[in-house]
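The values are calculated or read from the model by the stated rules, or taken from the named source; none is laboratory data. Because the structure is a prediction, the values reported are computed rather than measured. Every residue, glycine as well, gets a Cβ built from its backbone with ideal geometry; the counts of neighbours run over all protein chains shown.
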Amino acid sequence: MPKDKQLKTDPINIHERRVAMPDGRYMVFFTFTDGSGRDLSNGLHGGSGEEPSALHGEAPEEQHV
Amino acid sequence: MSELRYNPLLGEWLATATHRQDRTFLPPKDFCPLCPTKPGMHPTEVPEPDYDLVAFENRFPSLKNDPPEPAIQSNGIYEVEPGRGICEVVLYSSNHNTTLAQEPVERIYKLIKVWRNRFEELSSHDFIKYVFIFENKGEAVGVTLHHPHGQIYAYPFVPPVVKKEMRRSRKYHKKNGRCLLCDILQNETEYKERIVAENQSFVAYIPFFARYPYETHISAKRHLGAITDLDESEQQDLAEIMKQLLAAFDRLFDVSFPYMMVMHQRPSDGKPHEYYHFHIEFYPPMRTATKLKYLAGSEAGAGMFINDTLPEQKAPELRALVQPVTWAA
């Protein structure tokens with residue numbers, strides 16, 4: 001392993017918010033901040049990527065041996 | 001009804017989960033249960049108008065934390081247990097029309113943070129012995145919901161494929177004093193022809209023993225056992241090599257490439273298992289742009305896969321499609 005490992009970006013911090021669902025299940029919402037506490041949620045850091053129309057086909061559904 | 005039944009012929013547990021027959025199956029986009037609930041619109045499983053990443057207990061779980069007693073009793077030859085475990089769904093994005101391959105590397109980095117969080121929490125339950133992180137992508141591998149998501153099964157036992165890998169790794173380590181996967185990685189990096197991508201912490205390669213034409217493994221260069229062992233630079237390097245591989249998959253046939261992604265890491269039984277090595281395996285079913293690889297008689301009934309291709313010839317195809325990753329400033 002190289003000794004001079006470089007970070008590609010500043011580390012981010014993960015935060016969780018747990019919600020109890022009416023049927024008893026749990027749901028955990030995650031948000032992220034950078035080192036200064038800046039919110040990195042949707043649209044600020046890592047929003048949606050290429051449009052799916054960039055791909056032209058669908059994988060075949062019928063399988064062939 | 002969910003229960004665990006033991007196969008005495010193979011020495012393996014399987015789950016029956018009859019309620020899953022009624023789970024949501026390929027709903028129209030406007031009724032996707034994994035999209036956020038928009039004001040005035042059809043309520044989904046996620047009761048908020050937007051989210052970044054979310055994990056929650058599967059509404060149709062194969063295993064439950066509080067399962068009912070089995071409907072039938074064990075006898076002298078057949079063993080049955082309550083279907084106890086935890087099944088989670090991990091939503092990668094609130095955007096219905098995306099995939100992990102299409103998302104920027106920063107989102108994969110976030111997902112790695114979520115996987116670490118879930119691995120740590122699920123491993124903390126006494127009855128959980130193995131946390132299995134995976135993704136089924138594409139109708140070709142049987143997905144029932146197109147919204148970008150993965151799953152986590154927390155089992156009350158070590159599942160058979162991992163158990164077999166662990167047995168082989170332990171035996172090799174005992175005989176040679178070295179990690180089997182470290183030696184496989186050394187062999188692959190020296191041979192080079194089967195390498196798809198590489199960075200300072202990870203190697204992606206189609207292994208010598210690949211069962212599917214584009215079966216690709218991502219292995220950590222450093223010997224470590226679980227995703228929670230990755231340091232910060234390794235988490236970023238994993239995000240980067242995953243982005244490169246998934247994007248190369250999509251470029252291969254200009255389709256949203258279907259695959260099964262499985263994460264193999266040490267059990268959550270409190271033992272160190274220091275001989276075992278963290279890695280991720282991708283099993284894409286496509287063998288050409290129009291044909292899929294089936295699990296047929298030899299594969300399903302005898303356990304011997306027949307690969308119609310050579311890894312040495314398939315890896316260069318993928319390697320040629322790997323592009324540099326750009327991180328947001």
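A few remarks follow.
- Residue within segment B:87-95 that is out of contact with any Phe, Trp or Tyr (no Cβ under 9 Å at 6 or more places or on another chain) and surrounded by fewer than 23 Cβ atoms within 10 Å (Cβ to Cβ) present: yes
- If you filter segment B:43-67 down to residues that are in contact with a Pro (Cβ under 8 Å, 6 or more places away or on another chain) and over 22 Å from B:Val131 (Cα atoms), you find that the one that is surrounded by the most Cβ atoms within 10 Å (Cβ to Cβ) is B:Val46.
- Evaluation of B:His146 against the conditions (1) assigned to a strand (DSSP E or B); (2) farther than 30 Å from B:Gly11 by Cα; (3) out of contact with any Lys or Arg (no Cβ under 6 Å at 6 or more places or on another chain) shows that the sole unmet condition is (1).
- One residue alone among B:Pro272, B:Pro267, B:Pro284 is over 30 Å from B:Thr98 (Cα atoms) and in contact with a strand residue (DSSP E or B) (Cβ under 6 Å, 6 or more places away or on another chain), and that residue is B:Pro267.
- Residues of segment B:279-291 classified as crowded, with 21+ Cβ neighbours inside 10 Å and either among the aliphatic types (A, V, I, L, M) or more than 17 Å from B:Glu215 (Cα to Cα) (or both), total: 2
- Residue within segment B:47-59 that is assigned to a loop (DSSP other than H, G, I, E, B), away from every other protein chain (no Cβ under 12 Å) and more than 21 Å from the chain's Cα centre (by Cα) present: no
- Test: residue in segment B:100-118 that is under 23 Å from B:Glu45 (Cα atoms), facing chain A (nearest Cβ under 7 Å), part of a loop (DSSP other than H, G, I, E, B) and modelled with pLDDT of 95 or more: yes
- Flag: B:Phe278 matches the condition of being of a type outside the set (Lys, Arg) and in contact with a Gly (Cβ under 6 Å, 6 or more places away or on another chain).
- Looking across segment A:20-65, the residues that are more than 8 Å from chain B (Cβ to nearest Cβ), modelled with pLDDT of 55 or more and not in a loop (DSSP other than H, G, I, E, B) come down to A:Ala20, A:Thr33, A:Asp39.
- The lone exception for B:Glu121 - which of (1) within 8 Å of chain A (Cβ to nearest Cβ); (2) more than 20 Å from B:Leu34 (Cα to Cα) it fails: (1)
- Strands (runs of 3 or more DSSP E) fully within segment B:180-256 that include at least 3 residues being more than 13 Å from chain A (Cβ to nearest Cβ) and not acidic (Asp, Glu): B:195-198, B:216-220.
- Matching residues in segment B:119-140 - criterion: being within 14 Å of the chain's Cα centre (by Cα) and either under 17 Å from B:His273 (Cα atoms) or buried (at least 18 other Cβ atoms within 10 Å of the Cβ) (or both): B:Phe119, B:Tyr130, B:Val131, B:Phe132, B:Ile133, B:Glu135, B:Asn136, B:Lys137, B:Gly138
- Filter result for B:Pro28 (farther than 27 Å from B:Ala300 by Cβ and of a type outside the set (A, V, I, L, M)): yes
Condition check ((1) within 28 Å of B:Tyr109 (Cβ to Cβ); (2) within 14 Å of chain A (Cβ to nearest Cβ); (3) touching a strand residue (DSSP E or B) at 6+ places or on another chain (Cβ under 9 Å)) across all residues:
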{"residue": "B:Ser2", "(1), (2), (3)": "no, no, yes"}
{"residue": "B:Arg5", "(1), (2), (3)": "no, no, yes"}
{"residue": "B:Asp30", "(1), (2), (3)": "no, no, no"}
{"residue": "B:Thr44", "(1), (2), (3)": "yes, yes, yes"}
{"residue": "B:Glu88", "(1), (2), (3)": "yes, yes, yes"}
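- Hey, B:Phe249 under 22 Å from B:Lys110 (Cα atoms), out of contact with any Cys (no Cβ under 7 Å at 6 or more places or on another chain), modelled with pLDDT of 95 or more and not aliphatic (A, V, I, L, M) or not: yes
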